[in-house]
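A short write-up of the structure that comes next.
The values are calculated or read from the model by the stated rules, or taken from the named source; none is laboratory data. Predicted model, so just to flag it, every value in this text is computed and none were measured. Here the Cβ positions follow ideal geometry from the backbone for every residue, glycine too, while neighbour counts run over all protein chains shown. Ligands, DNA and RNA are stripped out before the accessible areas are found, and what is left, the full protein with its side chains, is counted by its heavy atoms. Shrake-Rupley method; radii C 1.70, N 1.55, O 1.52, S 1.80 Å.
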Amino acid sequence: MTGSAGRMIDRLDLPGDLRNLDAASLRQVAVEVRQEIIDTISQNGGHLGASLGVVELTVALHAELEAPKDAIIWDVGHQSYAHKLLTGRLGAFRSIRTYGGLSGFPSREESPFDIYSTGHASTSISAAVGIAQGRLLGETPDGLLSESATAGEAGIAPAVPAGTGSPGRVVAVIGDGALTGGMAYEALNHAGHLSTPLLVILNDNTMSIERNVGAMSAYLSRLRTDPTLYRLRRDLERRLQRLPGVGDFMATVNEQIKDSIKAAVVPGMLFEELGFTYVGVVDGHSIEDLRGSIRRSLALNRPVLLHCQTVKGKGYEPAEKQPGRYHGTPRFSVSTGECLDAEGPTSFTRAFGEAMVQLARADERVVGITAAMASGTGLDLLKEAFPDRFFDVGIAEAHAVGFAAGLAVAGKRPVVALYSTFLQRAFDQVIQDVCLQRLPVVFAVDRAGLVGADGPTHHGAFDLSYLRLIPGLTIFVPKDEGELQRLLATALQMDSPSVIRYPRSPGVGVPLASPIKPLAGPWIDVLREGTDVLFVGAGPVIRLAEEAADRLIGQGISAGVAGVKRIRPLETATLERLLRSYRAVVTVEDNVLAGGFGSSILEFMADEGISRPVARAGLPDAFVGHGPVETIRRDVGLTAEGLSAQAARLLGLAGKPPSLGG
């Protein structure tokens, strides 16, 4: 730990000591926590704005609750940095998002204070309802709780704290961006039906990554801009109850009168109609106000939604002025806010965004859709050029795909740009709404493969496996940014659904042509001829195969390299000729091996009766951790050295060169 001498947080036993501090001391804790976050993320990179915005809320929660007996679930989990600092990880915080260090998200494996691991949005309320109901079911007749030995033995925080004599309270902290996701409303509906005793804290900073969109955002804005409506309703209820005769009458028809008051004073009152007591709007940067509101809300012992207003990036001026820029930031100078990392070649994401603008200019049917990730996917460029042909649906991936299907039916050429990890959330819609109807929707799957410091919740490790099994879906995998642009043009000419997957990385620096011309094949590029071993890969990782081939030359081994840019359907004639021409085959991909590109090659060889020793290089059957991409690749053997070693091993097993008919 390299913290400043004399800091209060270094002397406290956290989080327990927070409950005994006065208001001024708690404010000082908040100041020190905020500075530690700024100093650390300036060196490591990470999700700065969201965590700075909840510092006071986090301090207030831990001053009122007894975690981990009381459960706090963070949604989305990247706002949990202050929580980590206050729950025994102050000394390790400088390692956050580094290889072998703390995760950038809550992790049950990391701490018992992280009761639930959250990397995707809109999940917290469902989890909170389940935890609260599970704890209630765990109570025995004498009031004690059943123990969770299995979880304890695994080093994971049990859902029910053993030996506490109380089920503990459950709090879900959900951002207003995450509240655009449908799963949150399903959970609110269920919790209200069950009258589950839990507290949902709505952290309302008007942002997800960028400014929120949609009717819910407008609704919350009305509540924020006139919080007197809540106080007026509350005061009116109290005064009516005091009137002679009226108070007794209210006791008998209480629900009808409450509904009338809600409808008259606060139009909609959505949360109360769902069975929640609504409390707000509270200043999310006043620890005193937050503590009082949290305490009163928990005392109700029923579903309560506490609406607090915060500022994303609070306490760091550059982040307050540009909250989107500092949502997820690389390393930066604290004094100036300027990025410390030099820019590389045009990224795959940028190349996609530029191509979308150019292709939309040429074809008025082209529209772009994203789920609260305009800048992250590159569609901010389309938004600027053609705002009426850009749609941000909020954090609602399933709706994004269904919406795209409707646009396709109406004759448009929709492109749905999502991160690989988030496309998982719309798997049913990809099958039912798009592919089953053979609609010309293009899926631009960004962040495919390893993403680095965001770790297992965000690696794009599974998309090839779950997309390759869908009938009628064409899958393209470009090896560079120029190929990406041409494949996008190709996909937009198709009358059937297609996918283009590409990584979160700079491109390789190839020239970008204008105008962008579609590709008509060939779909397999023979990058290097050989006779002994064939490396066949898909995407930018093919460059690792080329490096491996160079290594093998020094060992007297002749290696060929083939890059496949359309992996479904495969170009069978070329592939068969190549496979039969070599003694051994090594497949290369940045997807899990189970069901991925290598599996498709094995399936093809089995169907065609091609018998060769095969090794597959890719991601293992595991959730891979966080760290630099190159370091993770080294750990899983996805390096030039690892590939050349696999090839040499196979050739030791291959025996004599086969006849070309084998």
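Listed values, structure above:
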quantity: Ordering of 588-597, 500-509 by packing [mean C-beta count within 10 Å, highest first]; calculated: 588-597, 500-509
quantity: Relative contact order [Cα under 8 Å, 6+ residues apart], the range 459-616, whole percent; calculated: 27
quantity: Fully extended contour minus Cα-Cα distance, from residue 109 to residue 334, at 0.36 nm per residue; calculated: 77.9 nm
quantity: Solvent-accessible area per residue for the range 294-447 (1.4 angstrom probe, square angstrom); calculated: 42
quantity: Length gained when the stretch residue 299-residue 520 is fully extended (0.36 nm per residue, less Cα-Cα span); calculated: 72.9 nm
quantity: Inter-label distance for residue 31 and residue 635, nm, one decimal - labels placed 7 Å from Cα along Cα-to-Cβ; calculated: 3.9
quantity: Alpha carbon Rg of the range 503-554, scaled by the compact-globule rule 2.2 N^0.38 Å; calculated: 1.41
quantity: Cα-derived Rg over Rh, computed across the range 285-358 with Rh taken as Kirkwood radius; calculated: 1.23
quantity: Cβ-Cβ FRET estimate between residue 428 and residue 186, R0 fixed at 25 Å, reported to 0.05; calculated: 0.95
quantity: Per residue Cα convex hull volume in Å³ - calculated over the range 372-467; calculated: 90
quantity: Fraction of alpha-carbon pairs over 19 Å apart in the range 551-643 - percent; calculated: 46
quantity: FRET efficiency estimate (nearest 0.05) - Cβ-Cβ, residue 576 to residue 363, R0 41 angstrom; calculated: 0.70
quantity: Gain in span if fully extended, residue 602 to residue 24, counting 0.36 nm per residue against the direct Cα distance; calculated: 201.5 nm
quantity: For the range 27-33, 3J(HN,Hα) per residue [Karplus equation, 6.51 cos²θ - 1.76 cosθ + 1.60, θ = phi - 60°, Hz, x = Gly/Pro]; calculated: 5, 5, 4, 4, 4, 6, 5
quantity: Zone residues, the range 79-111, relative to residue 8, backbone N less than 20 Å from point 7 Å out along Cα-to-Cβ; calculated: 81-91
quantity: Kirkwood Rh and Cα Rg combined as Rg over Rh, evaluated for the range 454-548; calculated: 0.97
quantity: Unsatisfied cross-links (Cα-Cα over 30 Å) in the set 321/565; 84/479; 314/383; calculated: 321/565; 84/479
quantity: DSSP-defined antiparallel bridges as percent of all bridges, the range 362-514, nearest 5; calculated: 5
quantity: Cα point-scatterer Debye curve for the range 276-315, base-10 log of I(q)/I(0) at q = 0.14, 0.26, 0.30 Å⁻¹; calculated: -0.31, -0.85, -1.01
quantity: Kirkwood Rh, angstrom, the range 488-532 [1 / mean 1/r, Cα pairs]; calculated: 13.8
quantity: Ranked packing of 574-583, 305-314, 280-289, most packed first, by mean Cβ within 10 Å; calculated: 305-314, 280-289, 574-583
quantity: Computed Rg/Rh of the range 1-116, alpha carbon atoms with Kirkwood Rh; calculated: 0.92
